[in-house]
Each structure stands twice: as structure tokens, then as C-alpha cells.
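Participant: Questions regarding the structure given below will be posed in turn.
The values are calculated or read from the model by the stated rules, or taken from the named source; none is laboratory data. If you're wondering where the values come from, they're calculated on a predicted model, not measured in any experiment. Neighbour counts run over all protein chains shown; Cβ positions are idealised from the backbone, glycine included.
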Amino acid sequence: MTDLKELMRRGIEAYNAKDIGALASLYAHDAELLWPGRGVFKGRSAISSLYEEVDFKAFPDAKVSIDNQAISGNLVITEWSYGGTNTGQLTLADGSTAPATGKRVSGRGVNVAEYGEDGLIKSERFYFDLMELLVQLGLVPTAARP
């Protein structure tokens, strides 16, 4: 039986090392990934492009750490923390770009990864507060507090 915790750990290590080849190899060729504000990415190539454009180029020092994890059958649910500095151009959901802000962001999120019998990710869904990150970057105004 495949050690799903180990596979998720390898994914986090590949992400933190910005090793797109190692990260992509964890996904099935026809995998689907849901990303807040961006929709569904289908196929290993599209998923690799998402990571490269949204994370690796825009936040080259970004790191993720696992806070909590649960496994149920072929599902791995991971709560994680994230931090990085926006030193590269950021591709936005509508395809436009924003110049680097130089600002550091941090946040928490959850992802749910479904693995196939071959030990590859078939489907992955990410959940995090995109608005919080955009506010930290100064790309949207903060709401006035009473």
C-alpha cells in the first residue's frame, strides 16, 4: 500500500525546492486541480504551469509547512501554513499581471488530495483566503473597521 503521508511530504519538499519536475511527477497525466479564484486546471502540464506562474515566479522564496494532516482511504487532507515575498510579476485570475510589490505574505489553507491506485494525485482541491493575500499585497483595499 502506498504511504500517502510520504507522498504529500514529497510534494511539499518539491514545492519548497521549486522543483517543478518532482512536483509534476506526483500528479496523474489527467489530474485535476482546483485553485481559488482560478478554477480547475486539467492535466499535468496545466497544473505545472499554474505552480510556475502563480507561485514559483511571483514568490520564489515561498515555503509551505504542514500543520495538520488526516487520511481517509485514498484522501489526504492537509492543513498548511504559507509564507513568501512577492518579488516577481503576479499573474491574476483574469490573465492580467501585477508588478512585484516586494511585500511578504502569509496565510493558512487546506488542500484535499485524492490519490489513485498508482500513487499519483487524481484530483486536488485547494482552499485558502485569496482576499487576505491580495490585501497583504496591497492589490485590494482593506475594509474600514468600525
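Participant: Can you find, within segment 87-104, the residue that is nearest to residue 68 (Cα to Cα) among those that are of a type in the set (Ser, Thr, Tyr) and modelled with pLDDT under 95? Spell out the reasoning first.
Facilitator: At the first step, the residues of segment 87-104 found to be of a type in the set (Ser, Thr, Tyr) are 87, 91, 96-97, 101.
Applying the additional criterion that residues be modelled with pLDDT under 95 yields 91, 96-97.
On the way: 91: 29, 96: 34, 97: 33 Å.
Ranking the qualifying residues of segment 87-104, first place goes to 91.
Participant: Suppose we keep only residues that are without any contact (Cβ under 8 Å) to a residue 40 or more places away in the chain and of a type in the set (A, V, I, L, M) within segment 123-146. Which one would you say is nearest to residue 67 (Cα to Cα)?
Facilitator: 133
Participant: Can you list residue pairs whose Cβ atoms sit under 6 Å apart, with the first residue in segment 106-122 being farther than 13 Å from residue 77 by Cα and free of Cβ contacts under 8 Å to residues at least 60 places away in the same chain and the second being of a type in the set (Phe, Trp, Tyr) and in a strand (DSSP E or B)? Count only pairs 6 or more apart in sequence or on different chains.
Facilitator: Taking only residues 6 or more apart or on different chains, the pairs are 107/82; 107/128.
Participant: Could you list all residues from segment 61-116 that are touching a Ser or Thr at 6+ places or on another chain (Cβ under 8 Å) and polar (S, T, N, Q)?
Facilitator: 65, 68, 69, 81, 86, 89, 91, 97, 106, 111
Participant: Can you work out which of the residues in segment 4-55 that are touching a residue at least 12 places away in the same chain (Cβ under 8 Å) and acidic (Asp, Glu) is nearest to residue 137 (Cα to Cα)?
Facilitator: 55
Participant: Among the residues that make up segment 105-112, is at least one of them at pLDDT 95 or above, of a type in the set (Lys, Arg) and touching an Asp or Glu at 6+ places or on another chain (Cβ under 8 Å)? Outline the logic, then answer.
Facilitator: Initially, segment 105-112 is screened for residues at pLDDT 95 or above, giving 105-112.
Those left that are additionally of a type in the set (Lys, Arg): 108.
Next, from what is left, pick out any that are touching an Asp or Glu at 6+ places or on another chain (Cβ under 8 Å): 108.
The answer is yes; a qualifying residue exists.
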